[in-house]
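Engineer: Let me give you the structure first, and then I'll get to my questions.
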Amino acid sequence: MANAFLKNQLADVQGYLALAQTQDSRVTLATLGEFSANYINALSESYHYGFGIACFSLIASMLIFWIFRKHYKHADQIGTQKTVTATNQPAYNEAETRPRLIALGLIFAVVIFFWMSFHQNGVTMTYFARDYTVTHVGKATNLWFDLFGLLPIFLAALSVYYLIRRETPSMQRLLAAVGVVVFAALAWWRYQGYSTSNLFTPQKFQHFNPFFIVALTPLVLGVFSWLKAKKKEPSAPRKIGIGMIITAAGFALLVLASLGLLSPKDMAPGQAVPLDSRVSVYWLIGTYFVLTIAELFISPMGIAFVSKVAPPRLKGVAQGGWFAATALGNYLLSVIGYLWDKIALWQLWTVLAVCCLLSATFIFTVMKRLERFS
């Protein structure tokens, strides 16, 4: 419930400010917590430590919310303010409302299969990480699984960006140069402390999605801005269709990784996959990378499309429809999970890839109907 309230209000503020790009960038802010959450789980000594840290984080969030109210108070519409704003919005008759609701329903039908596929990171992809990937990695690869090694690398790369950007003022350029040296030194110091063979826990794969969102959002927005300047930017529905194709490509990587592997259905209960038959962690890292790009094409674009297309008096219902589609996609996770030990491993990933391709085909088939409102 808290998650739904938070995300719905973020979308509402976005609509109020009418900043299309802000909707995309809010994904970065909303996933910073997810990036560190997996470390709290993996490094906590027991359940009460993990829950204690979560409670402390919520208290800190509430304090930040209250302390910085003055920075967002102007965007907080309540009571009569919303009524006044609503009177300035166009009213649609039944003939105009119906095609808009149909367009929203078509989008909801597509994103069901995206969330069903994307959230396999908590089910079958975690099984794959546990049972089919190597259990130890070298020093360089271990940087991907170490928060205190990965963050300095990311911050060093960010500093390099501000260092070489033409618009960066001289003082900021100097600070960026210092940041490059400091963060690179921290990453190197962390790297030197690793063993030649490092054990890692499968749940640490979960941090790749929030990390890649933070890292890739500026790049994806930059590409969209570049295309917009050339008047070639795809519409929101077309981006969603492209995102479904990208999602299918992500699972195609797992199809390739699973070829020749012993499937769960062919193993006896309790039988483990031999260590010499396990695959590199980079198959899963690559999959998370591709799926994150797909998410950036679909999730913010879908919410923006809902906010734009929904009739003013039904905006709340439309937002609820988006979350209902997400919930239904999450419910369908169990269908794919059921197939884990029923079909060959490569066939499991093929099912997901085919579902995404069929969804992409469907949305491109009805594209003219959707782009009427873009």
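Engineer: Select from segment 286-335 the residues that are among the aromatic types (F, W, Y) and under 30 Å from A95 (Cβ atoms) and list them in ascending order.
Structural biologist: Taking segment 286-335 and keeping what is among the aromatic types (F, W, Y), we get 288-289, 297, 305, 322-323, 331.
Listed by number, the residues that qualify are F305, W322, F323.
Engineer: Need pairs with beta-carbon distance below 8 Å; first residue modelled with pLDDT of 90 or more and within segment 133-147, second surrounded by 16 or more Cβ atoms within 10 Å (Cβ to Cβ) and small (G, A, S); sequence gap 6+ or separate chains.
Structural biologist: Filtered contacts from segment 133-147: N142/G149; L143/G149; L143/A187.
Engineer: If I filter segment 190-197 for residues that are closer than 30 Å to H119 by Cβ and either in a loop (DSSP other than H, G, I, E, B) or of a type outside the set (S, T, N, Q) (or both), do I get at least one hit?
Structural biologist: Filtering segment 190-197 down to residues closer than 30 Å to H119 by Cβ leaves none.
No, there is no match, as no residue in segment 190-197 is closer than 30 Å to H119 by Cβ and either in a loop (DSSP other than H, G, I, E, B) or of a type outside the set (S, T, N, Q) (or both).
Engineer: Report every pair of residues separated by at least 6 positions or lying on different chains whose Cβ atoms are under 6 Å apart, first residue within segment 162-178 and part of a loop (DSSP other than H, G, I, E, B), second at pLDDT 85 or above.
Structural biologist: Close Cβ pairs (under 6 Å, with a partner that is at pLDDT 85 or above) amount to T168/Y162.
Engineer: Exactly one of (1) at pLDDT 95 or above; (2) under 30 Å from V366 (Cβ atoms) is unmet by N121. Its number?
Structural biologist: Unmet condition: (1).
Engineer: From the set of residues in segment 233-243 that are of a type outside the set (D, E, K, R) and touching a Phe, Trp or Tyr at 6+ places or on another chain (Cβ under 6 Å), which is surrounded by the most Cβ atoms within 10 Å (Cβ to Cβ)? Break it down stepwise before answering.
Structural biologist: Step one: list which residues in segment 233-243 are of a type outside the set (D, E, K, R), which gives 234-237, 240-243.
Pick out the ones that are also touching a Phe, Trp or Tyr at 6+ places or on another chain (Cβ under 6 Å) and you get 236, 241-243.
Details: A236: 24, G241: 24, I242: 19, G243: 28.
Residue satisfying both the conditions and the ranking: G243.
Engineer: Further, regarding this structure: Filter segment 252-262 for residues that are touching a residue at least 12 places away in the same chain (Cβ under 8 Å) and outside any helix (DSSP H, G or I); which is surrounded by the most Cβ atoms within 10 Å (Cβ to Cβ)?
Structural biologist: Applying the filter and picking the extreme gives L261.
Engineer: Checking the conditions here, which among A215, A249, A272, A187 is small (G, A, S), outside the structural domain of A360 (by TED's automatic domain parsing) and in contact (Cβ under 8 Å) with a residue 12 or more places away in the chain? Don't jump to the end; show me each part of the working.
Structural biologist: Details: A215 fails: outside the structural domain of A360 (by TED's automatic domain parsing); A249 fails: outside the structural domain of A360 (by TED's automatic domain parsing); A272 fails: outside the structural domain of A360 (by TED's automatic domain parsing).
Exactly one residue qualifies, and that residue is A187.
The values are calculated or read from the model by the stated rules, or taken from the named source; none is laboratory data. In this text the structure is predicted, and so the values were computed from the model without any measurement. Neighbour counts run over all protein chains shown; Cβ positions are idealised from the backbone, glycine included.
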